[in-house]
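Report on one structure; see the data block that follows.
The values are calculated or read from the model by the stated rules, or taken from the named source; none is laboratory data. These numbers were taken from a predicted model, which means no experiment stands behind them. Cβ sites come from the backbone with ideal geometry, for glycine too, and all protein chains shown count toward neighbours. When the accessible area is computed, the model is the full protein with side chains, heavy atoms only, and any ligands, DNA or RNA have been set aside. Shrake-Rupley method; radii C 1.70, N 1.55, O 1.52, S 1.80 Å.
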Amino acid sequence: MGDKVKKVTKVKEKPYLSQSVTAFFVMRAPWLIILMLSNTFTSLILSGYEEQLAALRDGALLYAFIPMLMGTAGNAGGQTSVTVIRALALEQVHPKNIFKILLKELAVAFLLAITLASVCFLKLYFLDSLYAGNITVRVALVISAVLFIAVIISKIVGCLLPLFAKAIRLDPAVVASPFMTTIVDALSLIVYCSLSVTLL
């Protein structure tokens, strides 16, 4: 049993240039297939809210900001994910440090969320309204509030996924980042559509 564990460890620690194309394919393909299928959730979420959003006066405008919200949330989560993965690789942190890491990332997330949401509101109300005149204070507030929530969510997911992957002996670099994007996109859309329909 001990020999088998050593062999598996050696395979995982094999240098990048020494690994074959087939090995990379076998390691990555299943995850990409799972993620491709799971990405249909975002389409289903939008379809579920389509009629309600279309009924809103600002429905078309709200659709226009979905890429910005999902992209910003994905970038924020990606920063955290890469930072935690690097710390795990350098053995600076371990899955058992989960609560300390989570508290630190939550503090960072809160500061970033406030900053991004504030900049977003100012941009929407003072710049975007010049060429899209129907951006009201309420619309700008809803979009900025969703951005705030999405950044917090993305930081939490980006922090936890690499730790969970490491804890169950999966490669955080292969598993965590793609799943983080899928989860953050779905949750951000749910928050965006729910708040828009409720408040607008």
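Below, the figures for the structure above:
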quantity: Hey, Thr72 touching an Asp or Glu at 6+ places or on another chain (Cβ under 6 Å), farther than 21 Å from Asp171 by Cβ and open to solvent by less than 40 Å² (accessible area, probe 1.4 Å) or not; calculated: no
quantity: Given (1) open to solvent by 60 Å² or more (accessible area, probe 1.4 Å); (2) within 18 Å of Thr72 (Cα to Cα), index of the condition Ser177 fails; calculated: (1)
quantity: Some residue of region 10-20 being aliphatic (A, V, I, L, M), modelled with pLDDT under 75 and either more than 30 Å from Ser194 (Cα to Cα) or surrounded by fewer than 10 Cβ atoms within 10 Å (Cβ to Cβ) (or both); calculated: yes
quantity: Candidate set from region 136-151 (those that are open to solvent by 30 Å² or more (accessible area, probe 1.4 Å), part of a helix (DSSP H, G or I) and among the β-branched types (Val, Ile, Thr)); member that is nearest to Glu91 (Cα to Cα); calculated: Ile149
quantity: Checking Ser188 against (1) among the small types (Gly, Ala, Ser); (2) within 19 Å of Met70 (Cβ to Cβ); (3) surrounded by fewer than 20 Cβ atoms within 10 Å (Cβ to Cβ), the condition it does not meet; calculated: (3)
quantity: Pair list, Cβ < 7 Å and 6+ apart or interchain, from region 179-198 residues that are within 13 Å of Ile143 (Cβ to Cβ) to residues that are outside any helix (DSSP H, G or I); calculated: Ser196/Leu56
quantity: Unique residue being in a helix (DSSP H, G or I), at pLDDT 85 or above, open to solvent by less than 40 Å² (accessible area, probe 1.4 Å) and more than 18 Å from Val82 (Cα to Cα) when the list is Leu195, Leu124; calculated: Leu124
quantity: Condition check for Ser154: open to solvent by less than 10 Å² (accessible area, probe 1.4 Å) and closer than 25 Å to Ala54 by Cβ; calculated: no
quantity: Where Asn134 falls short, out of the listed (1) free of Cβ contacts under 8 Å to residues at least 60 places away in the same chain; (2) in contact with an Asp or Glu (Cβ under 8 Å, 6 or more places away or on another chain); calculated: (1)
quantity: Cβ-Cβ under 6 Å pairs, at least 6 apart or on other chains, region 162-177 side in a helix (DSSP H, G or I), far side among the hydroxyl-bearing types (Ser, Thr, Tyr) and at pLDDT 90 or above; calculated: Pro162/Ser81; Ala176/Ser81; Ser177/Ser81
quantity: Residues of region 50-73 that turn out to be at pLDDT below 80 and within 29 Å of Cys159 (Cα to Cα), as a count; calculated: 0
quantity: Leading residue by the ranking (nearest to Val151 (Cα to Cα)) among those in region 75-87 that are within 10 Å of the chain's Cα centre (by Cα) and open to solvent by 40 Å² or more (accessible area, probe 1.4 Å); calculated: Asn75
quantity: Matching residues, region 23-76, being touching a Ser or Thr at 6+ places or on another chain (Cβ under 8 Å) and among the small types (Gly, Ala, Ser); calculated: Ser38, Ala73, Gly74, Ala76
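Listed here are the residues, each with its yes/no results for (1) within 16 Å of Gly71 (Cα to Cα); (2) of a type in the set (Val, Ile, Thr).
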residue: His94; (1), (2): no, no
residue: Asn97; (1), (2): no, no
residue: Ala107; (1), (2): no, no
residue: Leu112; (1), (2): yes, no
residue: Ile153; (1), (2): yes, yes
